[in-house]
């Protein structure tokens with residue numbers, strides 16, 4: 001409850017308690033003073049009663065002396081006016097005495113009777129001495145009564161004085177006790193309230209200090225959790241906000257560092273691969289690290305950019321099974337931005353995602369591009385309503401960027417290398433590349449057969465049908481040659497209408513049937529193609545005939561010349577002797 005009060009309210013409460021403490025002590029002191037005032041007023045009343053009593057006795061004495069002070073000497077002519085004056089004074093004094101709250105009625109009756117006797121004595125004295133004597137006995141009796149009543153009144157006055165003294169002492173003791181009790185109780189209340197308020201403040205400050213120490217020690221989840229709304233509570237809430245912001249910032253920094261490290265490792269991995277197949281293997285490993293349990297795949301466009309096929313799959317999560325068959329059928333590829341679908345049931349979700357069997361799902365698509373050209377898309381799925389997390393999407397974006405850059409670079413390099421190593425007209429290896437590859441074979445002492453091929457009467461074909469027809473003939477034969485040889489064989493164009501084919505792990509006996517198949521396939525191709533027909537001649541040798549490429553080329557060329565001389569459209573095995581004769585004839 002105290003924690004909900006503001007610090008200002010708490011301080012005002014402490015001040016209010018202090019004021020109440022002072023007021024309580026003051027009220028108790030006032031009560032004691034009032035008690036003392038009552039006691040004092042009682043004492044004053046008794047003092048007045050004693051004064052009035054003394055004055056009554058004095059007045060009675062004067063009246064007595066006036067009337068019968070000395071019967072022998074009292075003048076008979078005592079003034080009745082003097083007696084009346086004394087009686088009037090007595091009545092006033094008795095009235096004042098009666099105003100004091102005391103039992104003075106007996107004295108008043110006795111004085112009244114005495115006054116009557118005094119008047120009677122005065123009247124008798126005027127008549128005769130005998131009347132005065134007769135009244136003297138009655139006056140004596142009245143005086144005895146007055147003395148008795150006066151004694152009782154004096155006793156009451158003395159008892160009142162004593163009682164008043166005792167009351168004053170009791171009042172002072174009671175007032176002192178009340179003041180001490182009030183001061184003690186008020187002090188206890190004030191101390192208790194101050195203690196509660198202080199403990200409330202200290203508890204909040206301790207909680208904030210402990211949370212600050214925990215955060216400083218690395219426990220970023222620690223919070224003060226201060227519920228009070230006062231200034232200290234707002235400090236605690238501000239600390240919690242700062243700790244939460246710090247946690248968010250550090251989490252973001254860790255995420256950024258992790259993503260940067262992922263990007264660095266990915267970049268280094270991509271730099272170490274030179275072929276598209278190696279790039280795809282790196283992509284598969286990266287997909288497995290981004291989110292091991294999530295289905296992920298990479299779809300790449302083929303060379304025609306008309307078809308999209310699966311090229312890499314997460315090794316642990318498997319493939320989501322995207323049914324998109326062309327790059328521009330994918331919304332992410334068309335837009336060129338990462339596209340996320342919360343659920344396949346949504347009206348605006350991808351129809352290929354919606355048509356998949358099984359439960360509804362979420363998905364993210366990250367396009368892959370290089371220099372503005374779409375290469376493919378990265379695809380990941382998750383439960384409906386819970387698409388891959390933002391960090392997963394960021395890492396997929398990083399993977400997309402590095403993959404697009406490396407794939408584009410590898411493909412561009414491959415294309416450039418292919419252009420540098422192939423003949424532009426036929427697509428076969430050019431002379432330099434062909435010679436380098438054969439030299440590698442000879443350097444490794446590998447076994448192979450080498451054949452030189454020449455289109456028969458090619459100049460006549462050009463002169464008759466034109467150079468375009470000649471180029472078509474060269475391209476047709478190049479296609480037949482590529483389709484006839486094995487993957488490990490080498491086929492290239494030396495220049496003009498001359499070609500070379502190298503049959504790996506083969507000798508002359510094994511090469512002759514293979515070359516014969518080339519002739520047969522050429523004939524079949526010419527039969528189904530429009531345009532002029534032509535034949536080819538072969539000169540063949542193998543690696544046992546010489547140690548150097550130039551020597552083997554000379555031997556094969558000698559066999560080719562013999563095939564030309566013998567009527568063309570045939571296969572002739574060249575020999576070192578033929579090569580020597582050719583060199584001699586050239587000389």
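For residue 567, state whether it is under 21 Å from residue 441 (Cα atoms) and either at pLDDT 95 or above or in the same structural domain as residue 507 (by TED's automatic domain parsing) (or both). No; evaluated as a whole, the condition is false for this residue. Within the range 213-233, the set of residues being surrounded by 12 or more Cβ atoms within 10 Å (Cβ to Cβ) and modelled with pLDDT of 80 or more comprises 214, 222, 223. Among the criteria (1) touching a helix residue (DSSP H, G or I) at 6+ places or on another chain (Cβ under 8 Å); (2) in a helix (DSSP H, G or I); (3) within 18 Å of residue 375 (Cα to Cα), the one residue 280 does not fulfil is (1). Name the residue that is farthest from the chain's Cα centre (by Cα), counting only residues in the range 524-547 that are touching a residue at least 12 places away in the same chain (Cβ under 8 Å) and part of a helix (DSSP H, G or I). Restricting to residues being touching a residue at least 12 places away in the same chain (Cβ under 8 Å) and part of a helix (DSSP H, G or I), the top hit is 545.
Only one entry of 415, 437 meets the criterion of being more than 36 Å from the chain's Cα centre (by Cα), free of Cβ contacts under 8 Å to residues at least 12 places away in the same chain and not in a strand (DSSP E or B), and that entry is 415. Only one of the listed residues (439, 447, 457) is farther than 14 Å from residue 502 by Cα, in the same structural domain as residue 512 (by TED's automatic domain parsing), out of contact with any strand residue (DSSP E or B) (no Cβ under 7 Å at 6 or more places or on another chain) and modelled with pLDDT of 90 or more. That residue is 457. Does residue 476 satisfy the condition of being part of a strand (DSSP E or B) and either exposed (fewer than 15 other Cβ atoms within 10 Å of the Cβ) or in contact with a helix residue (DSSP H, G or I) (Cβ under 8 Å, 6 or more places away or on another chain) (or both)? Criteria not met by residue 476. Residues that are touching a strand residue (DSSP E or B) at 6+ places or on another chain (Cβ under 6 Å) and free of Cβ contacts under 8 Å to residues at least 40 places away in the same chain within the range 294-313 comprise 310, 312, 313, listed in sequence order.
Scanning the range 219-228 turns up no residue that is touching a helix residue (DSSP H, G or I) at 6+ places or on another chain (Cβ under 8 Å), assigned to a helix (DSSP H, G or I), farther than 30 Å from residue 13 by Cα and in contact (Cβ under 8 Å) with a residue 12 or more places away in the chain. Among residues that are modelled with pLDDT under 90 and within 30 Å of residue 503 (Cα to Cα), residue 431 is not included. Among the residues of the range 375-400, the ones that are within 22 Å of residue 302 (Cβ to Cβ) and either surrounded by fewer than 21 Cβ atoms within 10 Å (Cβ to Cβ) or out of contact with any helix residue (DSSP H, G or I) (no Cβ under 8 Å at 6 or more places or on another chain) (or both) come to 2 in all. Residues that are in a loop (DSSP other than H, G, I, E, B) and in contact (Cβ under 8 Å) with a residue 24 or more places away in the chain were ranked within the range 548-579; the one that is surrounded by the most Cβ atoms within 10 Å (Cβ to Cβ) is 574. Would you check if there is a residue in the range 176-192 being at pLDDT 75 or above, part of a helix (DSSP H, G or I) and under 43 Å from the mean Cα position of the chain (by Cα)? Within the range 176-192, one or more residues are at pLDDT 75 or above, part of a helix (DSSP H, G or I) and under 43 Å from the mean Cα position of the chain (by Cα).
The values are calculated or read from the model by the stated rules, or taken from the named source; none is laboratory data. As the structure is a computational prediction, the values presented were derived from the model and not from experiment. As a convention, Cβ positions derive from the backbone with ideal geometry for all residues, glycine included, and neighbour counts pool all protein chains shown.
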